[in-house]
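See below for the structure under consideration.
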Amino acid sequence: MAKILIVEDEEQLARFVELELLHEGYEVSKAFDGREGLLMAEKENFDLILLDIMLPGLNGLEVLRRLQISNPTPTILLTARDAVMDKVSGLDAGAIDYITKPFAIEELLARVRVALKNHPNIRADQANENAGIIGGSSDSVSSGKAEKANGKQSEGVYVWNKLVLDNKRHEVHYDGHLITLTNREFLMLETLLSNMDIVLSRDTLLMQVCGYDYIGETNVVDVYVRYLRSKIDDVYDVKMIKTVRGVGYVIRSEE
Ligand code: CA
């Protein structure tokens, strides 16, 4: 089972996330400051690190940078809502994803699942074992290749049943019919399709669609979802965008 390290100085939050992850069956360790977190991550091989940026001792970005040199480990950053620079520097420093606080636990768990699937942390000891003489069945974990149809089909092209969104052409088709969307509707749909099966909170969607510095009604997200439904769901008699009560929205591949 995957081993996850939480580095977070808000102890209550760390404990809450720990409980949720334990409940999902992961092995969990915690550190409450940057220096301790770095030590633990260098000593032990974790499959994934959830790393807060604002940390006492050593900040998260510094932990990330040092770890890239000493023991690179897939890392999801936990960032404050308006710290755009943190996100950019974090991704530059090698983080695979970030999640903005406050977050819905369902969204965090989904991102953890995706991260573990897409970034299997093959450790040296495991690699040697796998390369052993047994050479039996190869249950290779080809990332998502087995799942056909729905999801990302090629660079910038997303498919959900008969719907195809092509980012480069900035076009959406349903069963060959062109659907005319505004920029924000397009962005919203692309965000949901590129995060297929991940429940996105209204905050996350708002930031993706309206930008980090958007000030205004948060219900614009619901408004855009309504527009998209009226242009797609209602016309083609499908239920594409699902509402997850109290959390946000998701497009599921298995529909
Ligand atoms: Ca903090």
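The numbers here are math on the coordinates, done by the rules we state, and not lab data. Keep in mind the model is a prediction, meaning the values are calculated, not measured. Backbone-built Cβ (ideal geometry, glycine too); neighbour counts: all protein chains shown.
Placing unit charges on the Cβ atoms only, positive for Lys and Arg and negative for Asp and Glu, gives segment 3-70 a dipole magnitude near 280 debye about its Cα centre. Look at the dipole of segment 1-113 built from charges on Cβ: of Q68, L109, G57, the Cα furthest out on the positive end belongs to Q68. Working note: Debye formula, equal point scatterers on the alpha-carbon atoms of segment 1-117, no solvent; log10 I(q)/I(0) at q = 0.14 Å⁻¹ is -0.48.
Which links in K117/K168; K43/K152; K101/K231; K30/K152 stretch past 30 Å when you go from one Cα to the other?
Too far apart for the 30 Å limit: K43/K152; K101/K231; K30/K152.
Placing +1 on each Lys and Arg Cβ and -1 on each Asp and Glu Cβ, with no other charges, gives segment 36-93 a dipole about its Cα centre of roughly 80 debye. For segment 172-242, applying the loop criterion from DSSP together with a ceiling of 15 other beta carbons within 10 Å to the GluC sites (Glu not before Pro) yields E217.
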